[in-house]
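To start, the structure itself, in C-alpha coordinates.
The values are calculated or read from the model by the stated rules, or taken from the named source; none is laboratory data. All values reported here derive from a predicted model rather than from experimental measurement. Don't worry about glycine lacking a Cβ; one is built from the backbone with ideal geometry, like all the others, and counts go over all protein chains shown. Side chains are part of the model used for accessible areas, which takes the heavy atoms of the whole protein and leaves out ligands, DNA and RNA. Shrake-Rupley method; radii C 1.70, N 1.55, O 1.52, S 1.80 Å.
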Amino acid sequence: LVFDAAPHRLSGVVIGTLLNHRAALQALGAAVDEAPYKGAPKAPVLYVKPRNTLACDGDPVCQPADAEALEIGAALGIVVGRTACNVSPQRALEHVAGYTVVNDVSVPHASFYRPSVRFKARDGFCPIGPRVVARDAIADPDTLRVRVEVDGECVHDTSTAGMIRPVAQLIADVTEFMTLSPGDILMLGVAASAPRVRAGQCVTVEIEGIGRLSNRIVAEREGLA
(Lines give C-alpha, C1' and ligand atoms only; values in the text may rest on other atoms or scores of the structure.)
Protein backbone atom coordinates (compact mmCIF):
# COMPACT_ATOMS: atom_id res chain seq x y z
CA LEU A 1 0.00 0.00 0.00
CA VAL A 2 1.50 3.33 -1.08
CA PHE A 3 0.28 6.90 -1.48
CA ASP A 4 -0.21 6.92 -5.24
CA ALA A 5 -2.92 9.56 -4.95
CA ALA A 6 -3.71 12.57 -2.82
CA PRO A 7 -4.77 11.81 0.77
CA HIS A 8 -8.36 12.82 0.04
CA ARG A 9 -8.55 9.65 -2.07
CA LEU A 10 -7.76 7.40 0.89
CA SER A 11 -10.47 4.79 1.19
CA GLY A 12 -10.92 5.00 4.93
CA VAL A 13 -11.22 7.34 7.90
CA VAL A 14 -8.45 8.97 9.94
CA ILE A 15 -8.94 8.38 13.67
CA GLY A 16 -7.08 10.24 16.40
CA THR A 17 -6.33 8.95 19.88
CA LEU A 18 -6.28 11.28 22.90
CA LEU A 19 -4.44 10.84 26.20
CA ASN A 20 -2.50 7.76 25.11
CA HIS A 21 0.89 9.15 26.10
CA ARG A 22 1.63 8.50 29.77
CA ALA A 23 3.50 11.79 30.36
CA ALA A 24 0.80 13.78 28.55
CA LEU A 25 -1.87 12.29 30.81
CA GLN A 26 0.23 12.91 33.93
CA ALA A 27 0.75 16.53 32.89
CA LEU A 28 -2.97 17.15 33.31
CA GLY A 29 -2.61 16.51 37.03
CA ALA A 30 -5.74 16.64 39.16
CA ALA A 31 -7.86 17.84 36.25
CA VAL A 32 -8.50 14.25 35.14
CA ASP A 33 -10.15 13.50 38.50
CA GLU A 34 -12.57 16.41 38.36
CA ALA A 35 -16.19 16.31 37.19
CA PRO A 36 -17.64 15.24 34.86
CA TYR A 37 -15.05 12.52 34.23
CA LYS A 38 -13.68 11.79 37.71
CA GLY A 39 -10.75 9.68 36.61
CA ALA A 40 -8.44 8.74 33.79
CA PRO A 41 -10.08 7.12 30.74
CA LYS A 42 -10.52 3.37 30.94
CA ALA A 43 -10.90 2.93 27.18
CA PRO A 44 -9.33 4.69 24.18
CA VAL A 45 -10.54 8.27 23.70
CA LEU A 46 -11.01 8.73 19.96
CA TYR A 47 -11.95 11.47 17.52
CA VAL A 48 -12.16 11.72 13.73
CA LYS A 49 -10.17 13.92 11.36
CA PRO A 50 -12.66 14.35 8.47
CA ARG A 51 -11.71 14.51 4.80
CA ASN A 52 -11.54 18.30 4.68
CA THR A 53 -8.56 18.15 7.07
CA LEU A 54 -6.42 15.89 4.88
CA ALA A 55 -3.34 17.41 3.28
CA CYS A 56 -0.18 16.21 1.54
CA ASP A 57 3.49 16.66 2.24
CA GLY A 58 4.36 20.17 1.06
CA ASP A 59 0.84 21.59 1.27
CA PRO A 60 0.39 24.84 3.23
CA VAL A 61 -1.52 24.68 6.53
CA CYS A 62 -3.68 27.71 7.24
CA GLN A 63 -3.59 29.40 10.66
CA PRO A 64 -7.09 30.79 11.28
CA ALA A 65 -7.33 34.51 12.00
CA ASP A 66 -8.91 33.79 15.41
CA ALA A 67 -6.06 31.49 16.54
CA GLU A 68 -2.89 32.90 18.12
CA ALA A 69 -0.96 29.73 17.25
CA LEU A 70 -1.37 26.16 16.06
CA GLU A 71 -0.43 23.04 18.01
CA ILE A 72 1.57 20.36 16.18
CA GLY A 73 0.67 16.78 17.03
CA ALA A 74 3.36 14.44 15.68
CA ALA A 75 1.80 11.00 15.47
CA LEU A 76 2.53 7.57 14.05
CA GLY A 77 -0.23 6.65 11.61
CA ILE A 78 -1.21 2.96 11.69
CA VAL A 79 -2.58 2.07 8.26
CA VAL A 80 -5.12 -0.75 8.39
CA GLY A 81 -4.72 -3.45 5.73
CA ARG A 82 -7.28 -6.05 6.84
CA THR A 83 -10.68 -5.71 8.48
CA ALA A 84 -10.15 -5.74 12.24
CA CYS A 85 -13.00 -6.53 14.61
CA ASN A 86 -12.45 -7.68 18.19
CA VAL A 87 -8.87 -8.76 17.51
CA SER A 88 -6.43 -9.82 20.20
CA PRO A 89 -3.19 -7.95 20.93
CA GLN A 90 -1.31 -11.04 19.75
CA ARG A 91 -2.97 -10.92 16.32
CA ALA A 92 -3.45 -7.17 15.99
CA LEU A 93 -0.38 -6.41 13.86
CA GLU A 94 -1.56 -8.94 11.27
CA HIS A 95 -4.23 -6.37 10.37
CA VAL A 96 -1.71 -3.56 9.75
CA ALA A 97 -0.62 -2.75 6.19
CA GLY A 98 2.04 -0.28 7.26
CA TYR A 99 2.83 3.02 8.91
CA THR A 100 2.92 6.67 7.91
CA VAL A 101 3.60 10.09 9.41
CA VAL A 102 0.66 12.21 10.56
CA ASN A 103 0.70 15.83 11.70
CA ASP A 104 -2.41 16.20 13.85
CA VAL A 105 -2.75 19.99 13.76
CA SER A 106 -5.15 21.75 16.10
CA VAL A 107 -6.02 25.12 17.56
CA PRO A 108 -4.80 24.99 21.20
CA HIS A 109 -7.71 24.27 23.52
CA ALA A 110 -8.43 23.27 27.11
CA SER A 111 -11.03 20.55 26.52
CA PHE A 112 -8.99 17.36 26.53
CA TYR A 113 -11.70 14.68 26.59
CA ARG A 114 -14.05 16.02 23.91
CA PRO A 115 -12.23 18.65 21.88
CA SER A 116 -14.44 20.88 19.78
CA VAL A 117 -14.61 20.05 16.08
CA ARG A 118 -13.75 23.67 15.35
CA PHE A 119 -10.36 23.18 17.03
CA LYS A 120 -9.44 19.86 15.38
CA ALA A 121 -11.17 19.79 12.01
CA ARG A 122 -10.22 22.96 10.13
CA ASP A 123 -9.32 22.56 6.46
CA GLY A 124 -5.83 21.12 6.02
CA PHE A 125 -5.38 20.23 9.69
CA CYS A 126 -4.19 16.67 9.01
CA PRO A 127 -1.14 16.41 6.74
CA ILE A 128 -0.23 12.78 6.02
CA GLY A 129 2.68 11.12 4.25
CA PRO A 130 4.76 11.29 2.27
CA ARG A 131 4.54 7.48 2.04
CA VAL A 132 3.37 4.30 3.75
CA VAL A 133 6.13 1.98 4.96
CA ALA A 134 5.18 -1.70 4.98
CA ARG A 135 4.60 -3.26 8.38
CA ASP A 136 7.35 -5.84 7.94
CA ALA A 137 9.92 -3.08 7.30
CA ILE A 138 9.47 -1.77 10.85
CA ALA A 139 10.89 -4.10 13.49
CA ASP A 140 9.17 -2.43 16.44
CA PRO A 141 6.65 0.41 15.96
CA ASP A 142 6.74 1.10 19.70
CA THR A 143 10.35 2.31 19.82
CA LEU A 144 10.52 4.81 16.95
CA ARG A 145 12.07 8.24 17.44
CA VAL A 146 9.68 11.12 16.68
CA ARG A 147 11.02 14.63 16.03
CA VAL A 148 9.42 17.97 15.20
CA GLU A 149 11.50 20.64 13.50
CA VAL A 150 10.43 24.27 13.09
CA ASP A 151 12.40 26.19 10.49
CA GLY A 152 15.05 23.48 10.60
CA GLU A 153 15.50 23.51 14.38
CA CYS A 154 14.42 20.53 16.51
CA VAL A 155 11.80 21.67 19.03
CA HIS A 156 10.35 18.32 20.11
CA ASP A 157 12.21 15.01 20.41
CA THR A 158 10.35 12.00 21.71
CA SER A 159 9.44 8.45 20.64
CA THR A 160 6.53 6.07 20.25
CA ALA A 161 7.58 4.51 23.54
CA GLY A 162 5.83 5.60 26.72
CA MET A 163 2.34 5.05 25.37
CA ILE A 164 -0.35 3.74 27.69
CA ARG A 165 -1.51 1.52 24.85
CA PRO A 166 1.21 0.48 22.40
CA VAL A 167 0.27 -0.22 18.79
CA ALA A 168 -1.04 -3.77 19.17
CA GLN A 169 -2.93 -3.06 22.40
CA LEU A 170 -4.49 0.09 20.96
CA ILE A 171 -5.78 -1.82 17.93
CA ALA A 172 -7.16 -4.54 20.19
CA ASP A 173 -8.90 -2.10 22.52
CA VAL A 174 -10.37 -0.01 19.69
CA THR A 175 -11.69 -3.03 17.82
CA GLU A 176 -13.54 -4.19 20.93
CA PHE A 177 -16.19 -1.58 20.13
CA MET A 178 -15.65 -0.59 16.47
CA THR A 179 -14.46 -2.23 13.28
CA LEU A 180 -11.38 -0.88 11.51
CA SER A 181 -11.43 -1.32 7.75
CA PRO A 182 -8.71 -1.42 5.08
CA GLY A 183 -7.56 2.13 4.32
CA ASP A 184 -8.36 3.47 7.79
CA ILE A 185 -5.55 5.27 9.62
CA LEU A 186 -5.42 5.06 13.42
CA MET A 187 -3.09 7.53 15.13
CA LEU A 188 -1.10 6.12 18.04
CA GLY A 189 -1.27 9.40 19.95
CA VAL A 190 0.69 12.58 20.59
CA ALA A 191 3.43 12.96 23.20
CA ALA A 192 3.42 15.56 25.98
CA SER A 193 4.44 19.19 25.36
CA ALA A 194 3.34 19.35 21.74
CA PRO A 195 5.01 22.40 20.15
CA ARG A 196 3.18 25.46 18.84
CA VAL A 197 3.84 27.35 15.63
CA ARG A 198 2.69 30.46 13.82
CA ALA A 199 2.22 31.65 10.28
CA GLY A 200 5.46 32.00 8.38
CA GLN A 201 7.09 28.95 9.95
CA CYS A 202 7.84 25.60 8.30
CA VAL A 203 7.11 22.44 10.28
CA THR A 204 8.64 19.01 9.69
CA VAL A 205 7.53 15.86 11.50
CA GLU A 206 10.02 13.01 11.22
CA ILE A 207 9.47 9.46 12.42
CA GLU A 208 12.40 7.07 12.43
CA GLY A 209 12.21 4.63 9.53
CA ILE A 210 8.98 6.16 8.20
CA GLY A 211 9.95 9.52 6.71
CA ARG A 212 9.69 13.30 6.92
CA LEU A 213 6.48 15.31 6.48
CA SER A 214 6.90 19.04 5.89
CA ASN A 215 4.32 21.83 5.69
CA ARG A 216 4.45 25.62 5.78
CA ILE A 217 2.09 27.51 8.09
CA VAL A 218 0.34 30.39 6.34
CA ALA A 219 -1.95 33.12 7.61
CA GLU A 220 -5.64 32.73 6.83
CA ARG A 221 -5.62 35.72 4.52
CA GLU A 222 -3.11 33.88 2.29
CA GLY A 223 -5.61 31.05 2.06
CA LEU A 224 -5.47 27.71 0.34
CA ALA A 225 -7.76 28.47 -2.57
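Checking the structure you have, find out if any residue of the stretch 147-156 is crowded, with 22+ Cβ neighbours inside 10 Å and of a type outside the set (D, E, K, R). Within the stretch 147-156 (the criterion being crowded, with 22+ Cβ neighbours inside 10 Å and of a type outside the set (D, E, K, R)), the answer is yes, since at least one residue qualifies.
The test for being touching a residue at least 60 places away in the same chain (Cβ under 8 Å) and of a type in the set (A, V, I, L, M) holds for residue 79. Taken over the stretch 174-194, the criterion of being on the phi < 0 side of the Ramachandran plot and surrounded by 18 or more Cβ atoms within 10 Å (Cβ to Cβ) is satisfied by 174, 175, 180, 184, 185, 186, 187, 188, 190, 191, 194.
Within the stretch 195-218, the set of residues being among the hydrophobic types (A, V, I, L, M, F, W, C) and either open to solvent by less than 10 Å² (accessible area, probe 1.4 Å) or modelled with pLDDT under 95 (or both) comprises 197, 203, 205, 207, 210, 213, 217, 218.
Could you check how many residues of the stretch 125-154 are in a strand (DSSP E or B) and either at positive phi or without any contact (Cβ under 8 Å) to a residue 24 or more places away in the chain (or both)?
Matching residues across the stretch 125-154 total 3.
For the residues 118, 91, the requirement of being modelled with pLDDT of 95 or more and open to solvent by 50 Å² or more (accessible area, probe 1.4 Å) singles out 91.
Kindly indicate whether any position in the stretch 98-110 is surrounded by fewer than 17 Cβ atoms within 10 Å (Cβ to Cβ), assigned to a strand (DSSP E or B), among the small types (Gly, Ala, Ser) and in contact with a Gly (Cβ under 9 Å, 6 or more places away or on another chain).
no
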